[in-house]
1. K311: over 19 Å from A246 (Cβ atoms), free of Cβ contacts under 8 Å to residues at least 12 places away in the same chain and outside the structural domain of R164 (by TED's automatic domain parsing), yes or no?
2. What number of residues in region 187-223 are over 24 Å from I248 (Cβ atoms), out of contact with any helix residue (DSSP H, G or I) (no Cβ under 7 Å at 6 or more places or on another chain) and part of a strand (DSSP E or B)?
3. How many residues are part of a loop (DSSP other than H, G, I, E, B) and surrounded by 15 or more Cβ atoms within 10 Å (Cβ to Cβ) if we restrict to region 152-186?
4. So which residues in region 318-346 are touching a residue at least 24 places away in the same chain (Cβ under 8 Å) and crowded, with 19+ Cβ neighbours inside 10 Å, if there are any at all?
5. Just the residues that are in a helix (DSSP H, G or I) and within 20 Å of I13 (Cβ to Cβ), please, taken from region 241-290.
6. G283 - would you say it is in contact with a helix residue (DSSP H, G or I) (Cβ under 7 Å, 6 or more places away or on another chain), of a type outside the set (A, V, I, L, M) and either within 15 Å of V18 (Cβ to Cβ) or surrounded by 21 or more Cβ atoms within 10 Å (Cβ to Cβ) (or both)?
7. Testing I241 on (1) under 26 Å from V325 (Cα atoms); (2) under 18 Å from the mean Cα position of the chain (by Cα); (3) surrounded by fewer than 21 Cβ atoms within 10 Å (Cβ to Cβ), one condition comes back false. Which one is that?
8. Could you grab me the full set of residues in region 131-164 that are polar (S, T, N, Q) and either touching a helix residue (DSSP H, G or I) at 6+ places or on another chain (Cβ under 6 Å) or more than 23 Å from L178 (Cα to Cα) (or both)?
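The values are calculated or read from the model by the stated rules, or taken from the named source; none is laboratory data. These figures come from a predicted structure and were not determined experimentally. Glycine also receives a Cβ, built like all others from the backbone with ideal geometry; neighbour counts cover every protein chain displayed.
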Amino acid sequence: MPYKIALYPGDGIGPEVVAEAVKVIDACNIDVHYTTFNWNTTLYNKTGKCAPENYLELLSSFDAILLGALGNTHNAPDHIAVEPLLTIRKAFDQYVNIRPAMLFPGVESPLKNKKPYDIDMIVIRENTEGEYTALGGRHYIGTPDEVAMQINYFSRKGTERIIRYAFETARNRKRKTLTSITKSNALKYSMVFWDTVFYEVAKDYPDVIASSMLVDAAAMNMVRCPEQFDVVVASNLFGDILTDLAAIVVGGMGFAASGNINPTRKYPSMFEPVHGSAPDIAGKGVANPVAAILSGALMLEFLGEHDAAQKIKSAVVNHLNDGTVKTPDRGGNATTADVGTDIAQRIQ
């Protein structure tokens, strides 16, 4: 039976980078059947939404979803554009967000004296609750007394399962080190609760070196000494912010892949590059597709195609280390398609 993959290219450079991810996946000679859903911000003026009413139903039967990018403020407000993304994560209980950050050969870090693989971390971000909830509201709108309230919540179930997943990830890595990111010196309920659960779960993993770090210190240390991080676990908001920082210190958003995982496989998981839709360069064929290609590798790994995933990773490393085919963000003049073709040929 072929894997059923939903392609959700989205806005801006999304369709361009997804096309290259598909090209590379196909080079692995895996039986895959794709269905493309052209939902994006151009639908907003027609329907008031950026996806059809039944988009969750349409996606629910797939093995996985490969997403490009969402957002174009010329067509729709950002909070409307990303609504399908946030809803998919919650509705399909994709409670694990995985974002690796590795300094590859052939890629320069903005930090001095960093060699390939000096930086090698995985951020495990809680993906369905915490700060990114729809609880809250605005009151007395347009008056001097206007109030906006956004409520975050942390359930024991949600907090424990993401922390346990992070411990399992750390246990299976060479360094076996896990850092929990909080702000418990200021957020005395939510983050103190997170710390409590973290150290409770840590008792079940005596083989993992576990510690906690405040988010402001973590932001400083990801620049000052990113080598110290192995596996990081964080709440929805902190994980979102820190993974952009982690991506930059390993060379840029063009290398940042991610997966939104439902470990139970009751619903499809979704894979996407961390970067945005970059509408200013859309259609010019200059976007770096490596993050989308590596997201495809994460997808194959999740589906159990470990050999194919490793082939893609090795081809990407060889491509980057060679350095002859580079998009403008890397100082070259190659196109998005040139990069995809080069990586696919290295697999073949």
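1. no
2. The number of residues fulfilling the criteria is 1.
3. Selection size over region 152-186: 6.
4. The answer is H319, L320, T327, R330, T335, T336, V339, G340, I343, A344.
5. Hits for region 241-290 are T243, D244, A247, I248, M253, G254, F255, V290.
6. Working: in contact with a helix residue (DSSP H, G or I) (Cβ under 7 Å, 6 or more places away or on another chain): no; of a type outside the set (A, V, I, L, M): yes; either within 15 Å of V18 (Cβ to Cβ) or surrounded by 21 or more Cβ atoms within 10 Å (Cβ to Cβ) (or both): yes.
No; evaluated as a whole, the condition is false for this residue.
7. Status for I241: all satisfied but (1).
8. Within region 131-164, T133, T143, Q150, N152, T159 qualify.
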